[in-house]
Amino acid sequence: MAKVLIIGGGGAGLVSALSAHEAGAQVIVMTKTLPTRSQTSMAQGGMNAVLGEDDSIANHIADTLKSSAGLGNESRIAFLCENAPDAVRWCNTLGLPFSRDELGEIARRRLGGASAPRACYAQDYTGLKLLHTLYDQCLKAGITFMNERFLLNVIVDEENNRVLGATCLNIPTGEVEEIRADAVIMATGGYGALYGKHSTNSVGSTGDGIAAAIRAGARLADLEFIQFHPTALKSSSILISESARGAGGYLVDEQGDRFTDELAPRDVVARAIHDEISKSGGVYLDIRHLGEAFINHELPQERKLAQIYEGIDPVHDLIPIKPAAHYSMGGIEVNEECMTRVNGLFAVGECANHKTHGANRLGGNSLLELVVFGRHCGKSAAEFGVKSPASELENTQLAKDINFIRDIMGFSNRIDFYEKQETLANIFYNNVGLVREEMGLKTVLEAISHMQKELPFMGPKDKSKICNTNLVEFIEFGNKIELSEIIVISAINRSESRGAHYRSDIPTRNDVMFGAHTITWREGGILCADFME
């Protein structure tokens, strides 16, 4: 029996766990918090799938390719879209409580960039309800969970380029542990928390798995492509789902006039809002005309969020909004079987780059991706573990990470890393956000370099061993610094505008770079970057 270690308890991790379990593997899910706190819960709008005769899989493929701005792989997109109907039916079989239309069929709404209503939804809580459904099924299957374990590194047999497991910090005890496995699936989510208060993501979306993967020898792809959601609440960056626009909501300026196509691809809508805010100072989402009964039935969460975080009632008031960092298109490079170039190391979900989203993700494809590729990844990892069981070689990674934690606890605290973290978030939002240009990007790179040198003077103030969240947050900050350098270098090297990567100094596409992915990796500790098809 193969042993599969899944790092991350969000939607992608839980789908992979169920799939690997069904394939006969012993499955362990390791999470740094609790599974139901995953970022998957914030995916509100729905899951794309062609279920009716008024749509076609060919149209779904075409919409996804168009949204990807030339960086989507057509064969992988076809795999995603062709497996979408079965993915929705599988979720329905598990007990996901989809909303229903007047005929009792799964209800669908149109999201931005789609040519037809194909986002299957559960009110505006789709991701949350999916997450709880998956977790229930994992518990029912008897899958082992190791919660409050913070990933440190992947254990690799470098001579054979073979994964052996992973090391982690047991947060409640403060001990460094190792978990050996025949296959490891990275399902740790994206890196949106880099943008701090300017992001719809939770504070835990710090890119830990992506940083650990490149340290282990995997390659990263397209980290410069970060999607900004058009409609986050102005004061808090809390997400207001695209379902509000899919249901017929309007985007209006200070005079109450509509100024853009609300259901254009997200990069287009977000930049239109950015430009309007720069010009007039404010943009609003208007759903008042939908009526209280409809809002309470279809958009209850959006009403509640606006009431709590903005102090307004969207039944009667305009919702003040702004774009905010939302989704990481870039991530760990994987092949068709979801495996990295390190044998036995797989990746799935937002931390992975399946080359399906390209330069701009189509709304409704994120939940779909984690289900379709999660099912595929879990099975692939289980089969790999059976065919190529890991050796029980002695490995120095555990000792290295025990020393790593000891050394960090010896760092001074002359500089407050929380202040530096906020500074990083602000300069990223202003210079590595919706609109970029070379001078601003290079200024950010200089700031990152300075922070890297200062890290030994920013150690955790709390020197205790048990439940030391200050220590965890410092390590997360280190991962943010590591990824931020890669993001900025990738953004500087991509001398064009494409999808979510918009350069005001080079506002057009570069046809020479058409279809080229930004690939980064480390050799001897040195960061390398190149463009590859």
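Where a number appears in this text, it was derived from the coordinates with a stated rule and is not lab data. Small disclaimer: the values here were computed from a predicted structure and weren't measured. Cβ sites come from the backbone with ideal geometry, for glycine too, and all protein chains shown count toward neighbours.
Brief remarks on what is shown
- Taking GluC sites (Glu not before Pro) across region 328-436, the ones in a DSSP loop with at most 15 further Cβ atoms lying within 10 angstrom of their Cβ are Glu336, Glu337, Glu392, Glu394.
- CD proxy at 222 nm, helix term only [per DSSP H run n ≥ 4: -39500 (n - 2.57); per residue of the chain; nearest 500]: -12000 deg cm²/dmol
- Around the Cα centre of the chain, unit charges on the Cβ atoms of Lys, Arg, Asp and Glu (plus for the first two, minus for the last two) sum to a dipole of about 600 debye.
- Each Cα pair under 8 Å and six or more residues apart adds its separation to the average, and for the chain the resulting relative contact order is 22 percent.
- Isolated cysteines of the chain, defined as having no other cysteine beta carbon under 4.7 Å away, are Cys81, Cys91, Cys120, Cys138, Cys168, Cys351, Cys467, Cys528.
- An ellipsoid equivalent to region 230-323, defined through the eigenvalues of its Cα gyration tensor, has semi-axes of 20, 14, 12 Å when rounded to whole angstrom and sorted largest first.
- Contour minus Cα-Cα distance for Asp54 and Asp511 (0.36 nm per residue): 161.0 nm
- Distant-in-sequence amide contacts of Ile185, defined by a placed amide H-H separation under 5 Å and a gap of 5 or more residues or a different chain, comprise Leu5, Ile6, Ile7, Phe346.
- Backbone amide hydrogens, once placed in the peptide plane, bring Ser497 within less than 5 Å of Arg503, Thr508, Arg509, Asn510, excluding anything fewer than 5 places away on its chain.
- Inter-probe distance in nm under a simple model that places probes 7 Å from Cα toward Cβ, at Asn493 and Leu393: 2.8
- Since only Ala49, Phe457, Leu263 are under comparison, the one whose Cα sits farthest along the positive direction of the charge dipole of the chain, derived from C-beta charges on Lys, Arg, Asp and Glu, is Phe457.
- With the charge dipole of region 397-508 set up from +1 on Lys and Arg Cβ and -1 on Asp and Glu Cβ about the Cα centre, the Cα lying farthest toward the positive end among the listed residues Gly478, Val435, Gly410 is that of Gly410.
- Gyration tensor (Cα) of the chain, equivalent ellipsoid semi-axes in angstrom: 34, 28, 22
- Put a dot 7 Å past the Cα of Ser412, heading toward its Cβ, do the same for Ala62, and the two dots end up 6.4 nm apart.
- Computed over region 397-508, Kirkwood Rh from alpha-carbon pairs, angstrom: 15.4
- With q set to 0.13, 0.24 Å⁻¹, the log10 of I(q)/I(0) for region 1-108, from the Debye formula over equal scatterers at the Cα positions, is -0.66, -1.27.
- Here's how it looks for Ala232: its modeled amide H is under 5 Å from those of Ile240, Lys322, Ala324, which are all 5 or more places away or on a different chain.
- Gained length - Ser202 relative to Thr33, 0.36 nm times residue gap less alpha-carbon distance: 59.7 nm
- Compared with the alpha-carbon gap, the fully stretched path from Met146 to Tyr309 is longer by 55.3 nm at 0.36 nm per residue.
- Helix runs (DSSP H) in the chain reaching 27 Å along axis by Cα, Kyte-Doolittle at least 0.5: 469-493
- With contacts taken as Cα pairs under 8 Å and at least 6 residues apart, region 230-323 reaches a relative contact order of 39 percent.
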